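The values are calculated or read from the model by the stated rules, or taken from the named source; none is laboratory data. Since we're looking at a predicted model, the values are computed, not measured. Virtual Cβ from ideal backbone geometry, glycine too; neighbours counted across all protein chains shown.
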């Protein structure tokens with residue numbers, strides 16, 4: 001398949017990933033919810049009912065943002081829009097990056113619940129917003145940088161394709 005066909009295919013898949021990003025939640029959401037609950041269970045009297053984890057007098061509703069869906073989507077877009085990444089390498093990058101995002105998200109959820117139970121709602125809200133607005137984006141960028149370093153990716157998403165198109 002020629003370069004332009006591959007480029008169009010990569011861009012279309014990236015657009016579909018954005019358009020249908022909420023479908024990612026149906027895969028990763030339940031896994032994250034149940035993993036979080038199972039990590040809490042040995043240390044607390046946590047209960048799970050639907051998408052609500054209750055611990056002590058607190059009830060936390062697990063929503064799409066809790067599963068860090070946009071982090072997985074961003075990782076997928078970075079991989080798809082980087083010139084020169086083969087399908088096999090792209091899948092490997094996505095799986096490893098997703099595992100890193102998943103683990104960090106579980107740590108985030110557990111830490112926030114710990115803060116809520118031990119220090120109260122004000123600390124929970126403040127830390128939750130800080131992590132959501134600041135730390136999560138930086139973390140995904142660091143995961144991408146790590147993957148680029150580890151797998152010797154020299155191209156820059158979008159820019160490398162634009163540079164290649166300009167040469168033609």
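When residues in region 124-164 are screened for being surrounded by 13 or more Cβ atoms within 10 Å (Cβ to Cβ) and outside any helix (DSSP H, G or I), 5 of them pass.
Checking 93, 33, 100, 78 one by one, the residue that is touching a helix residue (DSSP H, G or I) at 6+ places or on another chain (Cβ under 6 Å), at pLDDT 95 or above and under 30 Å from residue 120 (Cα atoms) is 100 and no other. Identification of helices (runs of 4 or more DSSP H) wholly contained in region 1-84 with 2 or more residues that are free of Cβ contacts under 8 Å to residues at least 40 places away in the same chain, more than 30 Å from residue 165 (Cβ to Cβ) and out of contact with any strand residue (DSSP E or B) (no Cβ under 6 Å at 6 or more places or on another chain) yields 21-40.
Here residue 103 passes the criteria (1) under 22 Å from residue 142 (Cβ atoms); (2) touching a residue at least 60 places away in the same chain (Cβ under 8 Å) except the one numbered (2). Would a scan of region 95-113 turn up a residue that is more than 28 Å from residue 149 (Cβ to Cβ), in contact with a strand residue (DSSP E or B) (Cβ under 8 Å, 6 or more places away or on another chain) and loosely packed, with under 15 Cβ neighbours inside 10 Å? No - not one qualifying residue is present in region 95-113.
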